[in-house]
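Asker: The structure that follows is given in the form of structure tokens.
The values are calculated or read from the model by the stated rules, or taken from the named source; none is laboratory data. Since the structure is predicted, the reported quantities are computational estimates derived from the model, not experimental observations. Here the Cβ positions follow ideal geometry from the backbone for every residue, glycine too, while neighbour counts run over all protein chains shown. Surface areas here come from the heavy atoms of the whole protein model, side chains and all, with no ligands, DNA or RNA. Shrake-Rupley method; radii C 1.70, N 1.55, O 1.52, S 1.80 Å.
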Amino acid sequence: MATDTAATTEVSATEEGVRRRDWIHIAALGTAGVGGASVLFPLISQMAPSQDVLAASTTEVDIGAIQPGQSIKAAFRKQPLFVKRLTPEQIAAAKADDTADMRDPATLASRTKAGHEDILITMGVCTHLGCVPLGAAEGENQGDFGGYFCPCHGSHYDVAGRIRKGPAPKNLHVPDYDFTSDTVVRVG
Ligand code: FES
């Protein structure tokens, strides 16, 4: 009996030791978590771009010389940027297709600015695997829908930069931009 009592006491002491160790372990983890969070926050806030960096990452494009039906290539954050001035016929065709069955449905109005629906600004980066589509330079293949054509795997974009045929999953991306005057656009 005395042996049983000693054994019970020993088990209890062992359990107590285990519980204590667990608690110390959990407390240490909790402290590490708080320490980790307090180290992480300054790192994250340091990663946010400063106003200087944001300003340097905008691009101003003079669109005054782009004739109806013409496109130009510019660069935005080291990637190609397409700026196209649509003809009245292209605007009408794009609007007529607003309700067409599309993989990534979007209206021309949603991809241009009010009062400037003739100016289409998109990234020149195919949404399939990132090739630069053709169609922004004179004489280049504009694909089956008169916009842009990606020769890498055959994606066809219409005059509003909407994907109409081929493997690309999304329309050409429209970056943030604003008109700073009737002829100058600031992208970014
Ligand atoms: S990268 Fe454009 S179709 Fe594949």
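Asker: Could you list all residues from segment 117-132 that are closer than 21 Å to PRO167 by Cα, open to solvent by less than 50 Å² (accessible area, probe 1.4 Å) and touching a residue at least 40 places away in the same chain (Cβ under 8 Å)?
Answerer: Of everything in segment 117-132, those that are closer than 21 Å to PRO167 by Cα, open to solvent by less than 50 Å² (accessible area, probe 1.4 Å) and touching a residue at least 40 places away in the same chain (Cβ under 8 Å) turn out to be THR122, MET123, GLY124, VAL125, CYS126, THR127.
Asker: While we're here: Consider ALA114 against the criteria (1) open to solvent by less than 60 Å² (accessible area, probe 1.4 Å); (2) closer than 26 Å to SER57 by Cα; (3) not aromatic (Phe, Trp, Tyr): it satisfies all of them except one. Which criterion is unmet?
Answerer: Condition not satisfied by ALA114: (1).
Asker: For the structure I just gave you, tell me whether ASP144 is free of Cβ contacts under 8 Å to residues at least 60 places away in the same chain and charged (D, E, K, R). Break it down into steps so the answer makes sense when it comes.
Answerer: Values: free of Cβ contacts under 8 Å to residues at least 60 places away in the same chain: yes; charged (D, E, K, R): yes.
When the stated conditions are applied, ASP144 passes them.
Asker: Further question: Residues that are away from the ligand (no atom under 14 Å from the Cβ) and at pLDDT 95 or above: which strands (runs of 3 or more DSSP E) entirely in segment 113-188 hold 2 or more of them?
Answerer: Counting at least 2 such residues, we get 119-123, 177-179, 184-187.
Asker: Looking only at segment 79-112, filter to residues that are of a type in the set (A, V, I, L, M) and part of a strand (DSSP E or B); which one of those is farthest from GLY147 (Cα to Cα)?
Answerer: LEU81
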